[in-house]
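We did not get these values from a lab; they are worked out from the coordinates using the rules stated. Quick caveat, the model's predicted, so the values are computed rather than measured. Because the Cβ atoms are built from the backbone with ideal geometry, glycine has one as well, and the counts that use them run over all protein chains shown.
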Amino acid sequence: MKDALTVLFVILALFLGLAPDLTAEEGITDTEIHIGQWGPQTGPAAAWGAVARGTGDYFKWINENGGIHGRKIVYHMFDDGYNPAKTKAGVKELQEGTGIFAWVAGVGTSTGLAVKDYLMEKKVPWIGPSAGSMHWVSPPEKYLFAIYPLYFYEAKILVKYAVETLGKKKIAIAYLNDEYGKNGLEGMIEELKSHGLEPVAQVPVEAKDEDLKPHVMELKKSEADTVLLWTTVGHSVRIVGTAKAMGFAPQFMGSSTTSDFVFMNYISKGLWENVICSTFGPVTTSDHPLIVKFKAEIFDKYAPKEERYGQFYTAGITYAEPLIEGLKRTGRDLTREKFVAQMEGLKGFQSLGPEINFKPYDKNDIYCRQGTNTSFLIQALPNGETKILTDWIKME
Amino acid sequence: MLDFIQMVVSGIAVGSTYALMGLAMVIIYKTSEVPNFAQGEMALASSFLAMMLLTTLKMSVVPAFCLAMGFAVLLGCFLEFAILRRAKEPNILGMIVITIGIEMMILGIVSWKFGAEQKTMPFPIGPYDSFMIRDIFLGQLEALILVSALVLMTVLFLFFRFSKLGLAMKATQQNGIAARIVGIRTNRILMMTWGISSAVGAVAGLLISPVMMHPYMMWDPMLKGFAAAVMGGMTSLPGAVFAAYLLGIIENLFGGYISIEFKSVVAFVIIVMILCFKPSGLFSKHYVKKV
């Protein structure tokens, strides 16, 4: 009897002492908050890999400045190579292995779509996907807060500017044959329709295409006076370059994904000049106070020597700022439900990016989870310099 | 008609890069019967070395390219000597897996050392400078690749046909034991083959680097070059080059007239068709068993 009691006591002690606290929120300890992100550090979209690195350096800065209510951010970033299968495997591994409280950013529409349902089913918050896809908010999801202006609206803003301000009538598009490209295509078609126009050419580009001469020939045949580029950085440069080689010189316009003019000027060897892009953050070569501050306090201090202070790097900070604000507002007693409630209360929040507004969850209102629908337009000048063409433009 | 001519010209232009990679693959296959899947990454390493010499050491193009070519030869020889030769009881499948392993290794080293962000190599000819003849255009850089491919094909063809070393390489491939009996040092021949092949691949890598550089830049040329080599019969140098141009033209015509979305998969459809209906390739007369 005595032995049996001893064994029972040992089992009870082990259970109470060693078993995990089943009431604790996943990804939270007394001293840590685990945040995850995927990002292409290799592969065709590696140029956008700076997003995840920018977020990482921002979290280091947050930790060094006291963390969040006594907790430090533990950042888990992995390279998915812009491959949805890798994204899914990596997210599941971290979520079920390490336990992640919330995910932030994550470059790519297809990659994000690969894990969206999984994260939403598990009620894991995901803040600021690094893509302007309509899929994040149509229909809205309780745990998904989008910050990136929708590609659909970016395309509308660019077409509106081309038609109304530049007086263009023959508009064509080269789009990546995935969700990102198709969102841009749909926005373009809708905006053209409102002006009684139709696209003069719609040219799909496959992610693995390297030789884009047939694509540019089709654009040239359409005699387009404006060409929207809803492709990757590499494809966009090849299209502009091949067009130049063919003696075809329309007004090129690109989404925010190609708005890092210093980089675009470098890899296009100066051919990016005059291209108009939409964007939603201050130019990194400007004297915007936050750009200067973050460069001195984050980039100069934490970024490795080979890193560049470009738009994609600061975008990584832009997506993470509302997350940090939400965590701060939630306080020490941090749970996912309380955090989501605080995120819903973000009104008029603006730091590096556009003004962010969320609302309580309403499955019929995309703006309860789409934090912004504003962008502005910039034009590339020689040597990667930037001319700001418009103020913030809001699309409904 | 103008469109058709432009598509053919564009096809020939893009086919030149495939031709160089196809040539490089055929050289190794001719002597060892191993399709070298590390071919692209071997060229990648030389290209990034040239980039480093040009940007970090501020060397001019000619010496940087010469050093990169020298490095390519050494790299090829080293890989054969240090890795492939060490394979115990080597068979074709095992050797193929080893080349895939080498490919992943070089890719990892280049990504780690140089980063994955796109770059562009300084070069006297702009990547999009072109000759215009009426309304037909041809990129100047592509013209240079075209000339390089044709010159290299001719030189290699003559080398294999008439030089002692070339004949020794042929003998090594056809019957290694007999070659050794007549005094050919087959190991050394194999090592030289890898060196020469690596240098030919490096020409392709160096000449496409002024357009855009990133660790995956050689995948497409390598796969298309392999498709061309298969089409050409894997052992025929002129066959690989001719097939590469044919492939470039078919891709462009397919993209222009049938479907731009499926343009990039044409090469692989061709590989499957060739392997199904004419496994010896379009230009190979012998060695049906090998392909």
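Here are some notes:
- Across the range A:76-201, C-alpha contacts under 8 Å between residues 6 or more apart give a mean separation that, scaled by the residue count, equals a relative contact order of 19 percent.
- Taking amide H as placed 1.01 Å from N in the peptide plane, the amide H of A:Ile356 sits under 5 Å from that of A:Gly348, A:Phe349, A:Gln350, each at least 5 places away or on another chain.
- For A:Glu186 and A:Gln350, the FRET efficiency from 1/(1 + (r/R0)^6), where r spans their Cβ atoms and R0 equals 25 Å, is about 0.35.
- The mean number of Cβ atoms from other chains found within 10 Å of a Cβ in peptide A:198-207 is 2, as a whole number.
- Over chain B, the ratio between the Cα radius of gyration and 2.2 N^0.38 Å evaluates to 0.99.
- Exposed-loop-free span, longest in chain B, where trypsin sites (Lys or Arg not before Pro) count as exposed if DSSP calls them loop and at most 12 other C-beta atoms lie within 10 Å: B:135-284
- The label-point distance for B:Leu144 and A:Lys92, in a model that sets each label 7 Å from Cα toward Cβ, rounds to 4.8 nm.
- Protection proxy ranking, peptides B:197-207, B:96-106, average beta carbon neighbours within 10 Å, highest first: B:197-207, B:96-106
- Translational diffusion coefficient (Stokes-Einstein; Kirkwood radius from C-alpha pairs) of the range B:128-286 at 25 °C, 0.890 mPa s, in µm²/s: 139 µm²/s
- Separation in nanometres of the label points that stand 7 Å from Cα toward Cβ, at B:Phe162 and A:Glu297: 7.4 nm
- Here, P(r) means the percent of Cα pairs in each 10 Å bin from 0 to the largest distance; for the range A:107-205 it is 16, 42, 26, 13, 3.
- Each part gets one Cα centre, and for the range B:118-151 versus the range A:323-379 those centres are 50 Å apart.
- A cut-off under 15 angstrom between Cβ atoms defines the neighbours of A:Asp209, and their net charge, with Lys, Arg +1 and Asp, Glu -1, is -3.
- Estimated FRET transfer efficiency (A:Asp391, B:Asp135; beta-carbon r; R0 35 Å; 0.05): 0.25
- ³J(HN,Hα), Karplus 6.51/-1.76/1.60, whole Hz, each residue of the range B:117-129, x for Gly, Pro: 5, 4, 9, 9, 8, x, 7, x, 9, x, x, 10, 5
- Table column - 3J(HN,Hα) (Hz), the range B:261-278, Karplus curve with 6.51, -1.76, 1.60, x for Gly and Pro: 5, 9, 4, 6, 9, 4, 4, 7, 4, 5, 4, 4, 4, 4, 5, 6, 9, 8
- The convex hull built on the alpha-carbon positions of the protein assembly as shown has an orientation-averaged projected area of 38.1 nm².
- ³J(HN,Hα), Karplus 6.51/-1.76/1.60, whole Hz, each residue of the range B:13-24, x for Gly, Pro: 4, 6, x, 5, 5, 4, 4, 4, 5, x, 4, 4
- Computed extension length for A:Lys221-A:Met120: 31.8 nm, one decimal, from 0.36 nm per residue of separation with the Cα-Cα distance subtracted.
- The trypsin sites (Lys or Arg not before Pro) of the range A:291-367 that DSSP puts in a loop, and whose beta carbon has at most 12 other beta carbons within 10 Å, are A:Lys305, A:Arg332, A:Lys347, A:Lys363.
- Cα centroid separation, the range A:96-119 to the range A:189-257 (Å): 31 Å
- Pairs exceeding 25 Å between alpha-carbon atoms, taken from A:Lys213/B:Lys224; A:Lys221/B:Lys119; A:Lys156/B:Lys263: A:Lys221/B:Lys119; A:Lys156/B:Lys263.
- Ordered from longest to shortest, the equivalent ellipsoid semi-axes for the range B:25-97 are 30, 11, 10 Å, each the square root of 5 times a Cα gyration tensor eigenvalue.
- Shape category assigned to the range B:73-186 from the gyration tensor of Cα positions, a/c cut at 1.5: oblate
- Remark on the range B:1-124: ratio of C-alpha radius of gyration to 2.2 N^0.38 Å is 1.26.
- Per-residue mean of foreign Cβ neighbours for B:231-244 is 0 (Cβ atoms of other chains, 10 Å radius).
- Beta bridges per DSSP with both ends in the protein assembly as shown, % antiparallel, nearest 5: 35 percent
- The DSSP beta bridges internal to the range A:104-225 are antiparallel in roughly 0% of cases.
- The range A:63-167: radius of gyration over Cα atoms, expressed as a fraction of 2.2 N^0.38 Å: 1.30
- Tilt relative to chain A, helix A:109-121 - C-alpha long axis, 0 to 90 degrees, to 10: 30 degrees
- Under 5 Å from the amide H of A:Ile33 lie the amide H atoms of A:Lys72, A:Ile73, A:Val74, each residue being 5 or more positions distant or on a separate chain, with H modelled from the backbone and absent for Pro and chain starts.
- Other residues within the sphere of radius under 12 Å centred on the Cβ of A:Glu64, judged by their own Cβ, net out at +1 (K and R +1, D and E -1).
- Translational diffusion of chain A, µm² s⁻¹ [Kirkwood Rh, Cα pairs; Stokes-Einstein; 37 °C; 0.692 mPa s]: 149 µm²/s
- For the range A:254-375: span of alpha carbons on each principal axis (Å, largest first): 50, 36, 21
- Kirkwood radius and radius of gyration were both taken over the C-alpha atoms of the range B:50-92, and their ratio Rg/Rh is 1.26.
- Approximate spin-label separation B:Lys58-B:Val151, in nm, with each point projected 7 Å along Cα-to-Cβ: 2.9 nm
- Across all Cα atoms of the range A:289-334, the radius of gyration (one decimal) and Dmax (whole number) stand at 12.9, 39 Å.
- Averaged over the residues of B:116-128, the number of partner chain Cβ atoms lying within 10 Å of the residue Cβ comes to 6.
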